[in-house]
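The block underneath contains the structure these notes are about, expressed in structure tokens.
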Amino acid sequence: MQDQLNLVFAALADPTRRAMLARLSEGEANVSDLAQPFLKTMSLPAVTKHLKVLENAGLVSKGRNAQWRPCTLNVEPLRDAVDWMEQYRIAWEDKLDRLDAYLKSKTQGTHHGRKKQN
């Protein structure tokens with residue numbers, strides 16, 4: 001699981017790959033369609049390397065339909081990453097709630113840093 005998460009987070013670290021995933025979230029696309037927005041700034045082989053990283057992370061599946069190479073988004077690795085992050089979100093929210101309660105207890109009865117006088 002940890003090795004798979006490493007691959008997923010490494011794949012998500014790149015904005016080109018995130019853009020490809022965003023496109024695939026709209027539906028299946030072939031390699032040419034996925035490459036099109038990036039061909040002004042990178043070569044087709046560079047784009048296919050990005051796709052390979054996404055495939056190795058399990059985020060994209062590439063099929064074969066004659067000459068057409070349809071790519072689809074696999075959401076399960078994203079769910080695994082969200083589940084992993086969720087445990088830390090819960091822990092941090094708990095810590096922040098306790099900090100908030102502590103700060104409120106320390107500032108009760110004070111106004112602009114000075115204690116209220118009776």
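The 3J(HN,Hα) values that the Karplus relation (6.51, -1.76, 1.60; θ = phi - 60°) gives for region 101-107 are, in residue order, 5, 5, 5, 5, 5, 6, 9 Hz. Gly and Pro appear as x. From the largest down, region 1-50 spans 35, 23, 14 angstrom on the principal axes of its Cα atoms. For L44 and T72, the FRET efficiency from 1/(1 + (r/R0)^6), where r spans their Cβ atoms and R0 equals 22 Å, is about 0.65. One chain, two ends: R98 and A10. Fully extended at 0.36 nm per residue, the span grows by 28.4 nm beyond their Cα-Cα distance.
Close amide H contacts of N30 (hydrogens built in the peptide plane, cut-off under 5 Å, sequence separation of 5 or more or a different chain): C71.
Subtracting the Cα-Cα distance of N65 and A19 from their residue separation scaled by 0.36 nm leaves 14.2 nm.
Treating r as the C-beta distance of E28 and E86 and R0 as 41 Å, the FRET efficiency rounds to 0.90.
Counting lysine pairs in the chain that sit 8 or more residues apart in sequence, or on different chains, and whose Cα atoms lie under 30 Å apart gives 13.
Helix-only arithmetic for the chain: the sum of -39500 (n - 2.57) across DSSP H runs with n ≥ 4, divided by the residue total, places the mean residue ellipticity at 222 nm at -19500 deg cm²/dmol.
Which one, (i) 17.5; (ii) 17.0; (iii) 15.9, gives Kirkwood radius over Cα pairs in Å as derived from the coordinates shown? Evaluating Kirkwood radius over Cα pairs in Å on these atoms matches (i). Judged by the mean number of other Cβ atoms found within 10 Å, the most tightly packed of the peptides 4-14, 22-32 leads the ranking 4-14, 22-32.
No value in this document is a laboratory result; all are computed from the given coordinates. Predicted model, so just to flag it, every value in this text is computed and none were measured. Methodologically, a virtual Cβ is constructed for each residue, glycine included, from the backbone with ideal geometry; neighbour enumeration extends over all protein chains shown.
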